[in-house]
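Structure first, then comments.
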Amino acid sequence: MRHLFLSKEWRLYVILVISILAIGIATMLFGKTSISLSELLLIFKGDEASPIVEQIVMQLRLPRYIIAVLAGSMLGLAGVILQSITKNPLVEPSIIGVTSGCVLAAILAITIAPSFLTTSSVLPVFACVGGLIVTLLVFYMSNKAGNGGVHIALIGVLISSILQAATSFILLTRQEAMGSVLLWIIGSLNGRVWIHVYIILPFAFIGITLGLLSASLTNGLRLGDTQASLLGLSVTKTRLLLLGLSAVLTAGAVSVVGAIGFIGLIGPHLAKRFVGEDARKSFPLSILISALILSGSDFVAQNLIVALPIPSFNQEPQLPAGAITALLGAPFFLYVLHKHVVKRGI
Amino acid sequence: MVNKRIYKSIYVGTPLFLLIIYIFILSLQLGEPRLDLVTLGQVLTNQFELEIHRISVWEIRMPRSIMAIMAGVMLALAGHVLQETFQNDLATPELISVTAGSSFVMAFITVFGLPVLFIVQPFLALTGGLIAGGFVIGSAKNSFKRGSIILLGTAVSAFLNALIIIIIALGKENQIGLLFFYLAGSLSARNWSHVFNLLPWFIIFVPLALGSARSLNVLRLGDEAAVGRGASVIKMKILLLVISAGLTAVVVANCGPIGFISLITPHLTKRLLRTTNSALGLPITALLGGFLLLTGDLLMRTLLYPIELPVGLLTTIIGGSLFLTLLYRRSVRT
Amino acid sequence: MMNRNLFFCLCIAIVLSACSNSTTNNAEFDRADGEDETVKLIDDMGTELVFNSTPERIGCLTEICVDTLKQLGLTPAAVAGDGITSEPEFFGNEATSIPTIGGSFFEPNVEDIFLQELDLVIGLGGVHENIREALGDKIPLYIVSPETYEDSIQFVMALGQALDKEAEAEQAVQSFKTHFETQINRVTEKRTALIMYGSDTNFGIDTQTSVVGSMIKKIANYPWKTDNGDGGHSSGSAQLSLEEILKQDPDILFVETFRFGDDSPSLSEQLASNPVWGELKAVKTDDVHEVRTNIWANGRGIGSLTIILDEAMELLYPDLES
C-alpha cells in the first residue's frame, strides 16, 4: 500500500514534467511564424534551416520559455514557503506587497542613476533589497499586531498601496521613467532573452536548492512553536531564514519578468490538495505546477491576439503574460478565500 | 464620567472646527491671484470689479475647498463605520472594492478613448464602484466572522487592479499619464457640478453614519452580546456596510481614490479622545477627515504652483507612514 | 537579537552573491564588431550603433520614425500600432501594405521585429530602451528622444546621414526651416494658445519644453512652463493649475481628443458648460479645436510639425493673407 501511495506522487511529478516539456515544444513551434516538428529538430541538431527561424527559436523562444519555467518555479516556491510559515493559504508575494517593494526599489535606482536603464543586470540587486525590506517589515508588523491570518494580508495590502503611491509620485514628477515603471508593473515575458536567463539563473539555482533543502525545517515549524523548539529548531531563526529565502526568490523572478501576480497562490494550493501538508512533497510539487502555469500562460499570451470591439482603438494588441495569470489567479484567489475563510473561518 | 467625555469631545471638536474655518478662508486667499483678507471680503460680497478674482474665488477655490471638506468627512466616516463594524482597525473602504471598480471604469474610458461626455464620466465611475462594492457585500453574507469580508474585498480589488494593469499595458503615453493622475486621487479642477454630485449622497449618508453610533457601540460589545440585546447582527452589519460603501463610492467616482484618510482618522480620533464610544468619536472623525483633506489639498496646489500634484499621493504617503508608526508603537506597548 | 541580525546579514549575503554572479555573464554582450569601413550613429541615449552597410529595412516603433522616413522619401519596413502611418499626409491607404509589429506600444512584439529582418529599429526614449537587449547586436536599436522641435530637425539630419539620404534630409530640413520662417514672419500680433488633452477635470498640457510647444511658442504666445527647470527630462506634459490657465486666458485651445458623436455636444459646448473653462476667451469665442492626436501628440517629426504649423496658423490667424 505504501508503495502505491508513493507512486501516486511520483506519477504526478512525471505528468507535470511531461506537460511542462510539451508546453515547451509548443512554445518553440507556434507564434507569429509556425514551424513543423521536423524543422525544430533540424534547428536543434544545428543544421541551418532558415537563419531567421533559427534565431527566433534559439534567441527568442527558447530563453523566453526557460525564463517562464524558472520564474514560475521561483514564485511558486516563494508562495508555498510564505504560506507554510504563516499557516495562511492566502499569502502570496504580490499580495503581501513584496513585488511592490521590488518595483519601488528598482524605480528609485533608475531615477537616482538613469544609466541603470541600459544595464538591466544591476537592477535586480536593488529589487532584492527592496523586496527583502518589505518582507521583513510586513512580517514584523503583522507579528506585532497579532492575529496573523487576516492581518498579514491587510498589512501587506496597506504597505503595498503606500509603495505604489510612492511609485506614482516618482512617475508623475519624472515622466521619463514611465516606460521602465510600466515594464515592471505589467509582468511580461516579451523580449526576455538569454541575458535575462543569466540574471535569473543564480537566483533560481540557489533559491530553489535552499528551498528544497529547507522543506524539513518547514515541517518542523508546522508542529507548532513549542514542539519545534523541542526538536532543537530555533523558531525565530528558521522563520527569518525562510522569509529571506522567499524574498530572494520573489525578487529574482520579479526583476526579470515584472510583477506577475497570483502565480504563488495557485501552485501551492493545488499541491497541498494533492499531497497534503508535508513540505517535502508539497514544495517540489508546487514548483512544478507553478512552472507549468506560467509557461502555459505565456504560451497563451504569445498566441492570443485580442480584437477589441472598440471603434477608436483599432489596434489588435497582444496581452502580456501577467494579464493571463491575473485572469486565472484572481478568481482562484476568490475560490481559495471562499473555501478557507467563508467555510472554515480561518 | 460620561459628562467628562462629552466635554472632552467638545474641547477637541471646537478648535478643530475653528481650524477648518481658518484653513478654508486661507484656501480662498492663496493661489494666483493671492488675495488679502479685505479683498477677499470684497470679492465675497461682490464689491470687487475684476472678473478674474470673482472666478478664482467663487468658481475655482470655493467649490474645490468645499469638495475637499465634504470628501474628507465622507471618507473618514466611512472608515470609522467600517472599522467599528468589523472591530478591525485595519479595515478601510478601499477594501470593499468600490475604489477598484470606479478606477477600472475610468481606466477603460481613458485608455480606449471612449467618447463619453465629461459630465457623464463620474456617474459611470460611480456605477462601476457600486457594482463592485455590491458584489462584495452581496457575496459576503455568510462571512462576517472576524472581518473576512475584508479579505474577500481584497481579492476582488486584486482582480480589478490586475485588469487595470492590463488596460495600462495597452495604452499610450498621454493616456497613461492622465490615468495615473486619476488613479492617484485628486481634487484639481473640480467645480460646483462635482459638489452637486456629492451633495445628495452627503445629505443622505453622513447623517446615517453619524446616527449609526448606537449600533456601532452595541457591536463593540461583541456579536453575542449584541444578539442578546435583540439586534440582528447580520442585518445591522450589512446596513453599516452599505453606508460605508455609499460614502466612499461617490467620492471615488468624483475625485479618484484618495487613500488613507479613512484609515488614519479613526485612529487619530481614538488617540485624541481616549475613548471608543462612537457617539463621541464619529463627529470628531468627520471633522478630522475634512481638516486633513482640506489642508493636504491646499498644500498640493500651492507648493509647486503652477504644477499640481494629486492630493491622493500626499495622503497615502504621509497617512500611510503615520499609520504604520501608530501600529508599531501600539504593538510595542502591548 | 544578535542572532537575528546575523541571519539578516546572511540573507543579504545570499542576495548579493546571487546578484554578483549575474553581472559577470553579459560583459561581452554589448560589444559591436565592425572593422571594415562603417557607418556610425550615436542615438539619444549615447549608444553607438555601427553599420557595415547602409541600413535599408527600418522598423518604426514610434511615429517620429515614420514621419522622418517619409521626409527622406523612404517607406518603413514595419511599423508598430495605429499611428500616423495611415494618415493621408503620410502613407494613407498604402499603410495597409506595410507590415505591422504586434504587441502594444510599451511592449512591441520582439518576434515580429525579428521576422521582418530589419537593419535598424527606431524607438522612443523612456519607452523602448528595454528591448535593446532582446534585439541583441544583430538588430541595432536607435532611441530617439526629442525634447524640442530643434531635436526633431536634428533627427532628420542624423537619419539622413545614416541612411545615405543626406541630400533629401538637407532639403527637407531647409524647406521646413524656410516655411517655418515665413510663417513666423507672417505673424503680426501673437495670440495666446494652449494645447491640451484629457477632459475638463483631468487634463494635461504641452509645455514650452515639449516638441510641439517649443514650435508653437514661435508663432503664438505660449506661456505654459514648469518651474522645475528639468524641461530636458520630462516629456513636456504636466497637470497645470486652472488658476494659471485663467490668468493667462488663452485665445485659442487645441485639444487632442477623440471625436464625440454627431448628436452629442461638441467639445466647445462641453467646456462652455463648465463655469471656469466657460470664462476663457477661447471658449467664449468658440475657438476650441479638436486636433488629430496622432499628428499633434505622437507625430514629433518635422512632417507632423509642418502639418501642425499649417493647421495652427490657419486656426490662429484665419484673417492673415498669405
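Points to keep in mind about this one:
- Structure note, pairs A:K32/C:K165; C:K40/C:K165; A:K237/A:K281; C:K218/C:K247; C:K217/C:K247: Cα-Cα distances above 26 angstrom occur for A:K32/C:K165.
- Shape call, the range B:1-104: gyration tensor on alpha carbons, a/c limit 1.5: oblate
- Direction-averaged projected area, Cα convex hull, the range C:188-316: 8.0 nm², rounded to one decimal.
- Packing here is the average count of other Cβ atoms within 10 Å per residue, and on that basis the peptides C:284-296, B:97-109, A:324-336, C:197-209, highest first, run B:97-109, C:197-209, A:324-336, C:284-296.
- Cα-centred dipole magnitude for the protein assembly as shown, charges only on beta-carbon of K, R (+1) and D, E (-1), debye, nearest 20: 7440
- Divided by 2.2 N^0.38 Å, where N counts the residues, the Cα radius of gyration of the protein assembly as shown comes to 0.98.
- Remark: for residue pairs B:K172/C:K281; B:K4/B:K270; C:K70/C:K177, the C-alpha separation exceeds 19 Å in B:K172/C:K281.
- Take each residue of peptide A:206-215, count the partner chain Cβ atoms within 10 Å of its Cβ, and average: the result is 1.
- Shielding value for B:186-196 is 4, the average number of Cβ atoms from other chains within 10 Å of each residue's Cβ.
- Ellipticity estimate at 222 nm from DSSP helix runs (n ≥ 4, -39,500 (n - 2.57)) divided over the protein assembly as shown, nearest 500: -20000 deg cm²/dmol
- Per-peptide packing, taken as the mean over residues of other Cβ atoms within 10 Å, places B:206-217, B:174-185, C:47-58 in the sequence B:174-185, B:206-217, C:47-58 from highest down.
- Antiparallel content of DSSP bridges confined to the protein assembly as shown, in %, to 5: 35
- Taking N as its residue count, the alpha carbon Rg of chain B over 2.2 N^0.38 Å: 1.02
- Estimated from the Cβ-Cβ distance and a Förster radius of 22 angstrom, the FRET efficiency linking C:L315 and C:D249 is about 0.80.
- Taken along its three principal axes, the alpha carbon spread of the range C:39-145 comes to 35, 27, 25 Å, from the longest extent down to the shortest.
- As a proxy for reagent exposure, B:H80, B:H53 were ordered by neighbouring Cβ count within 10 angstrom, fewest first; the result is B:H53, B:H80.
- Ranked for footprinting exposure by Cβ neighbours inside 10 Å, fewest first, A:I110, B:I258 give A:I110, B:I258.
- For residues of B:316-323, the mean tally of beta carbons on other chains within 10 Å: 4
- Charge dipole of the range B:49-121 about the Cα centre (unit charges at C-beta), most positive-ward option of B:M62, B:V81, B:T92: B:M62
- As a proxy for reagent exposure, C:T96, B:T285 were ordered by neighbouring Cβ count within 10 angstrom, fewest first; the result is C:T96, B:T285.
- Cut-off under 5 Å, modelled amide H: who pairs with C:I195 long-range: C:D206, C:F254
The numbers here are math on the coordinates, done by the rules we state, and not lab data. Nothing here was measured: the structure is a model prediction, and the numbers come from that model. Don't worry about glycine lacking a Cβ; one is built from the backbone with ideal geometry, like all the others, and counts go over all protein chains shown.
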